[in-house]
């Protein structure tokens, strides 16, 4: 691990030299906004077993349980605000240093920090709205909540009668093809790949840093804990994300 000041200086130099960067983010960037990650103590998976997509489709009770969990935990995500890490990433985009943000997160905080929606590639979907699984019509969560909390009536699509689900990718659900292809294209086009706050254990998403490195890009990993890819990275920082990024881009 590089000493913090030396590491920040090195990161700043790498950003200065890059022509087309990509930021790849995991749960670690959002924990500083008060959103617990899934795996750590106190995370969602320590309280609830994940609901498999096929169970969600097959069982009305599993769908009810899914919505119960969503509205029981929504206060955390609804009040979360972008932190210094998100804002620094947004600044890098507006400086022309970062072409796109590939994220495993479902909280929408990159968009709220100022990164245009079309520049955020959400590999695991978005929990801030819902959509019909059949026709794709978007539904706002306030609308769903008003229906469900009265008597736990399951929401159904007004357009086609299909099942409505939060716009996230669940266990057992296929990864979104368009987003995966877009992430691949952005990864292969970059000369600097910043992996931020990801444990790099969830594949296929975690394959993008490896892909970037093999394609000749500089690979930077910023994460609280070691990852399995630390050994191939050009720079590894086990530091606080917000402080590190805001210092590297002179933003605070």
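The values are calculated or read from the model by the stated rules, or taken from the named source; none is laboratory data. The structure presented is a predicted model; accordingly, all values stated were derived computationally and were not measured. Quick reminder, even Gly has a Cβ in these numbers, built from the backbone with ideal geometry, and neighbours come from all protein chains shown.
Here are some notes:
- Within the stretch 188-201, the set of residues being part of a strand (DSSP E or B) and under 15 Å from the mean Cα position of the chain (by Cα) comprises 194, 195, 196.
- Whichever residue in the stretch 134-173 is in a strand (DSSP E or B) and without any contact (Cβ under 8 Å) to a residue 40 or more places away in the chain and, among such residues, is nearest to residue 78 (Cα to Cα): 140
- Per the conditions (1) closer than 25 Å to residue 87 by Cβ; (2) modelled with pLDDT of 95 or more, the sole criterion not satisfied by residue 127 is (2).
- Residue, surrounded by the most Cβ atoms within 10 Å (Cβ to Cβ), within the stretch 136-177, restricted to residues that are more than 21 Å from residue 57 (Cβ to Cβ) and touching a strand residue (DSSP E or B) at 6+ places or on another chain (Cβ under 9 Å): 143
- Residue in the stretch 23-36 that is more than 21 Å from residue 105 (Cβ to Cβ) and either in a helix (DSSP H, G or I) or at pLDDT 95 or above (or both) present: no
- The stretch 211-231, residues that are more than 18 Å from the chain's Cα centre (by Cα), without any contact (Cβ under 8 Å) to a residue 40 or more places away in the chain and not in a loop (DSSP other than H, G, I, E, B): 211, 213, 214, 219, 230, 231
- Number of the condition not met by residue 185 [criteria: (1) part of a helix (DSSP H, G or I); (2) touching a strand residue (DSSP E or B) at 6+ places or on another chain (Cβ under 8 Å)]: (2)
- All strands (runs of 3 or more DSSP E) inside the stretch 44-133 with 2 or more residues being touching a residue at least 12 places away in the same chain (Cβ under 8 Å), touching a helix residue (DSSP H, G or I) at 6+ places or on another chain (Cβ under 6 Å) and crowded, with 19+ Cβ neighbours inside 10 Å: 98-103, 120-122
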